[in-house]
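What follows is one structure encoded as structure tokens, with my remarks underneath.
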């Protein structure tokens, strides 16, 4: 039976699934095959392959995997994000975490890490809240690091350009203060103001790496809605690695479906169902 150029064979799907789990820790069960095929079509057409199976065969059999791996990871990874997603975390940061972190210091510098930052909306949401706090009496400076495995979303994060429809969760006062409209009045694009862009840096990083090139005195780490894709042992390793980069008393915030972190890594103090402290 001839292979369809639009569908992956069992063997080729298995090859990609094994590769992705080994590289980024994400499992691709059989139910994800249609999703993977749909996402790969554009890449396959761009490279002028005759079909999906020819593309996979070339990567694995013709020694071209190293050149294509970054693109393949970009295709596979899920990058769902929004401004102020899971807003209770930002409320907690403003009302509890930052005051608690600054209490022994009086004032100082805060370091925030948005792990799996996607297009940067989480990092910039954090920047808006912290900058607003400094305008209303809190005395501190802050730096934000965003990391992700996907080079495609990092390019978007660095440009800090978004469409107006993404601003629905943003408070109106923040839209007015922290976003610039395009000079072309017909454009629906907006851009984060330079003051926040200067305080926010982005770099590519794989949470599966044995070492993270990140400071070990981070105050707050957001790692939300990514652990759910990992096997339990991978979750444990990643959370232990993340916590090793928190200063004593620092906070780890995970996604609403990831409250299992407490049982994965004993010793973390659970402050709220999705918020932990070392």
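Can we say residue 157 is assigned by TED's automatic domain parsing to the domain that holds residue 244 and crowded, with 19+ Cβ neighbours inside 10 Å? For residue 157, the condition - assigned by TED's automatic domain parsing to the domain that holds residue 244 and crowded, with 19+ Cβ neighbours inside 10 Å - is met.
For the criterion of being buried (at least 21 other Cβ atoms within 10 Å of the Cβ) and either in a helix (DSSP H, G or I) or more than 23 Å from the chain's Cα centre (by Cα) (or both), residue 125 passes.
Residues in the stretch 46-64 that are in contact (Cβ under 8 Å) with a residue 12 or more places away in the chain and in a helix (DSSP H, G or I): 8 in all. With the requirement that a residue be assigned to a loop (DSSP other than H, G, I, E, B) and touching a residue at least 60 places away in the same chain (Cβ under 8 Å), what does the stretch 213-238 give you? Result: 214, 215, 217, 224, 225, 226, 230, 231.
If residue 145 passes every condition in (1) touching a helix residue (DSSP H, G or I) at 6+ places or on another chain (Cβ under 7 Å); (2) buried (at least 16 other Cβ atoms within 10 Å of the Cβ); (3) not in a helix (DSSP H, G or I) but one, which one does it miss? Condition (1) is where residue 145 drops out. Looking across the stretch 227-272, the residues that are in contact with a helix residue (DSSP H, G or I) (Cβ under 8 Å, 6 or more places away or on another chain) and within 18 Å of residue 214 (Cα to Cα) come down to 238, 239, 249, 250, 251, 252, 253. Among the residues of the stretch 1-16, those that are in a helix (DSSP H, G or I) and surrounded by 11 or more Cβ atoms within 10 Å (Cβ to Cβ) comprise 11, 12, 13, 14, 15, 16. The conditions of being in a helix (DSSP H, G or I), over 16 Å from residue 275 (Cα atoms) and in contact (Cβ under 8 Å) with a residue 40 or more places away in the chain are not met by residue 79.
A residue that is closer than 25 Å to residue 229 by Cβ, in contact with a strand residue (DSSP E or B) (Cβ under 8 Å, 6 or more places away or on another chain) and surrounded by 14 or more Cβ atoms within 10 Å (Cβ to Cβ) occurs nowhere in the stretch 17-36. When you check residue 248 against the structure, is it under 20 Å from residue 113 (Cβ atoms), surrounded by fewer than 19 Cβ atoms within 10 Å (Cβ to Cβ) and assigned by TED's automatic domain parsing to the domain that holds residue 116, yes or no? Yes, satisfied.
Considering the stretch 190-215, and only residues there that are farther than 30 Å from residue 135 by Cβ and out of contact with any helix residue (DSSP H, G or I) (no Cβ under 7 Å at 6 or more places or on another chain), the residue that is surrounded by the most Cβ atoms within 10 Å (Cβ to Cβ) turns out to be 205. Pairs linking a residue in the stretch 160-179 that is on the phi > 0 side of the Ramachandran plot to a residue that is surrounded by 15 or more Cβ atoms within 10 Å (Cβ to Cβ), with Cβ atoms under 6 Å and 6 or more positions apart or on different chains, are 160/191; 160/192; 160/197.
Condition check for residue 137 on (1) in the same structural domain as residue 241 (by TED's automatic domain parsing); (2) assigned to a strand (DSSP E or B); (3) farther than 30 Å from residue 227 by Cα: one failure, at (2). In the set (1) crowded, with 16+ Cβ neighbours inside 10 Å; (2) within 20 Å of residue 22 (Cα to Cα), the condition left unmet by residue 65 is number (1).
The values are calculated or read from the model by the stated rules, or taken from the named source; none is laboratory data. Given the structure is predicted, the values throughout are model-derived calculations rather than measurements. Every residue, glycine among them, receives a Cβ derived from its backbone with ideal geometry; neighbour counts consider all protein chains shown.
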